[in-house]
Each structure stands twice: as structure tokens, then as C-alpha cells.
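Structure first, commentary second.
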Ligand SMILES: Cc1cc2nc3c(=O)[nH]c(=O)nc-3n(C[C@H](O)[C@H](O)[C@H](O)COP(=O)(O)O)c2cc1C
């Protein structure tokens, strides 16, 4: 057994501009507790992130819409209004007060939304009827789950406008006190809709060969790096996932190329969701799927790996050099003091899937720390 002081997970590391004291990251988790329809972050969200902050620990705040039409679900937060900036500032202040770091995951849903959320026809790389026919793909709205609305392809001369929305959102995130940003280039949202040729049939400079399909992501990285400096920009990929109707004829070639291209851009890190995960669920691992270990051989910067890690496998992954940091999602929902528990080999509380998405503080901010749970156990009944 690895003792506390020997754990690779608890050695300090510098990732881009971020000085971290341990290697356990809270990945973006959309918990759908923002206000609707304003997309304002809530006070509950402030409490939730503050509870999960730790000295020198990295939190990545949930997928946050760069524009009203970019929202993927009802009750997801935004970063496109002054009110959003002010409310996120309360959250980043609370995290910083505990010595933690917090990045914002910037997102545009693309086709993976409904007019009930974004109010306008969703935009994407190219029109894809089979996406609309797939009954497994749903969008959370105030009136329950609905199928995504019919979408349209972005005109070539509209693409720069979306890149600019990312830049403005990055500047808003900076004013809101974040330490940097992560671009969601996976999970079947807009950036990934451009990357993969199952969803990108364009014939302009943003479609066709891999070099063209990667262009949208590269332009966004360049734009947000003018705000932050590339050492405060991370990129998240889910190369093996078919969530939200994704697919590519040669994912290995595509994602190896993306990783190589990212080398030139000198970003803070590449965050890879492992093959055993699809969206927010554990699945049987596909043989031969593109994993962090493979992309880590191409990408020269730090890797964050996510997906199905336990304290023991996280330790192995860092000790073996598979990744510099490990993101642990579902266990962090029910263990606000997750790094402390892992460092001290304390038992983890089970997560509650039924409260993942939406609702109040129940199943969100009411999970006790280990010390609090022991105290409660010792109270006379
Ligand atoms: C409730 C929930 C919401 C999620 N929301 C996001 C999100 O907003 N952005 C994202 O990139 N991934 C999201 N994910 C995926 C997680 O970041 C993570 O990759 C996944 O849960 C696998 O890690 P785990 O096995 O440690 O939970 C979500 C997962 C869950 C369970």
C-alpha cells in the first residue's frame, strides 16, 4: 500500500501557469442548478464549488454557454451577461478564499440543443438528418426531455462570429476572476461537431481533410489565448465517445492530428476522457479506442485523464506517467473533501445519480465531509 507521504497524487506540479499542490481535479460536471431563463449562476453553485475547493487544488467549473443560443440544457449557466460575470465572481472568490484554483469550461452546444432553450435554430457544421432521427439523443428543457430541434449549417462567413463569441466569453471569464479556461471540444458539442466527419460534411475551409476540420478549434484557441495567454487555456476531448451522435471514419488519425496541432499552440494541458466513459456513463471499453496513453505520446504538454478512476487507479496513472493530473467526476459529487479522503485513505460516500441533474441542494450541497459524517455518527440518537 502507498502511504500518504509517498502518494504521487499528492506531489506538487506546475501545469501551464497553474501551481498545484495535488493532482486530483474536479472535471466539469453540469449539475443544472443555474437560474432559468437567465442562465445566472446560483448561490447554491457558489456553495457547491466552495465546498469542493482545496489548497492548491484545481476545479473546472461546468460547461458554460458562451451565448444564449449556445446553451445545451435548461438551467446550465452562461458567461455572456454582466450579471453572469458578477455571480461567477462570487464563486471564484469563494474558491480562492480556500486556496483553490478554478477554470471555466466554455461551451457552445451547436446542434445538441432545442429552440426551447436557445430560442433560435441550432447551428452546427453541417445538416445531419440521422442525428435528428436518433431517439437516444435528448435535451433537458423546463418542460422535461425533448428531442433536439432541426439545425442549420453555419455559413462560412458566420464562423468568425462564433470564434469571437468564444473570445468575449473568455474575457468575461477573466473579469469573473477565473484562473483560466477550458474549451469543451468533446461530448458532441459544437467544436467536436466540426472535428468529426460524421457531423462535418462541409466543403469549405472548415470541412473535408482533418487539417480543415481542426481549423475551428485552432481559431478559437488562438482567439481565447489573446485574452489569457495560452498557458491558461486547456482543451478537453472525448476521442472515443459516440455520445450525442458523434462519429468519425478514422478517429485515431483525427485525434492524433489534433494532439499534434495542439503542440504548436502551447496550451496549458490536454484533458482526455477515457474510452470506458460515454457522456456521463460508464460503458464497456471499446477495444482499440483512442485513449490518453496514446495521445500522451503525441502531445508534448501535460495530460489530464478522466473517466472511471478510483483512488487506486488514479494513483497508478500518475505514478506510471500516464497523466499529470486525474479528474474524478462522480465521486466528487458525493465527497466534497475528495482529495483529503484520498490522501488519507478514507472511505468514499456513494454518489446519487438521481440528483445529478437539476433540483435543489439535496444531493448537491448536502454531502458532508468525512469529519462531518463522523461527528454526525457520534451524536446520540
Ligand atoms: C452529472 C454529470 C455532468 C457532466 N457534465 C459535463 C460537462 O459539463 N462537461 C464535460 O466536459 N463533461 C461532463 N461530464 C463528464 C465528466 O466530466 C467526466 O468526464 C465523467 O463523469 C467521467 O469521470 P468519472 O468516471 O470520474 O465520473 C459530466 C458527467 C456527469 C456525471
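Observations, loosely collected:
- Considering only 91, 137, 303, the Gaussian network model of the chain with Cα springs below 10 Å gives its largest mean-square fluctuation to 137.
- Just so you know, the averaged projected area of the alpha carbon convex hull for region 104-198 sits at 6.8 nm².
- Note on the chain: with a GNM built from Cα contacts shorter than 10 Å, the maximum mean-square fluctuation among 274, 158, 219 falls on 158.
- Percent of beta bridges antiparallel (DSSP, the chain, rounded to nearest 5): 20 percent
- Here region 4-378 is treated as an ellipsoid with the same Cα gyration tensor; its semi-axes, largest first and in whole Å, are 30, 24, 20.
- Order of 362, 189, 257, 151 under a 10 Å beta carbon neighbour criterion, fewest first: 362, 257, 151, 189
- Gaussian network model of the chain, Cα within-10 Å springs - most flexible of 50, 130, 149: 130
- Each part gets one Cα centre, and for region 132-194 versus region 84-126 those centres are 9 Å apart.
- Taking all Cα pairs closer than 8 Å and separated by 6 or more residues, the relative contact order of the chain comes to 16 percent.
FYI, it's all coordinate maths here, none of it is from the lab. Computed from a predicted model, the values in this text were never measured in an experiment. A quick note on method: Cβ atoms are made from the backbone with ideal geometry, for glycine too, and the neighbour counts reach across all protein chains shown.
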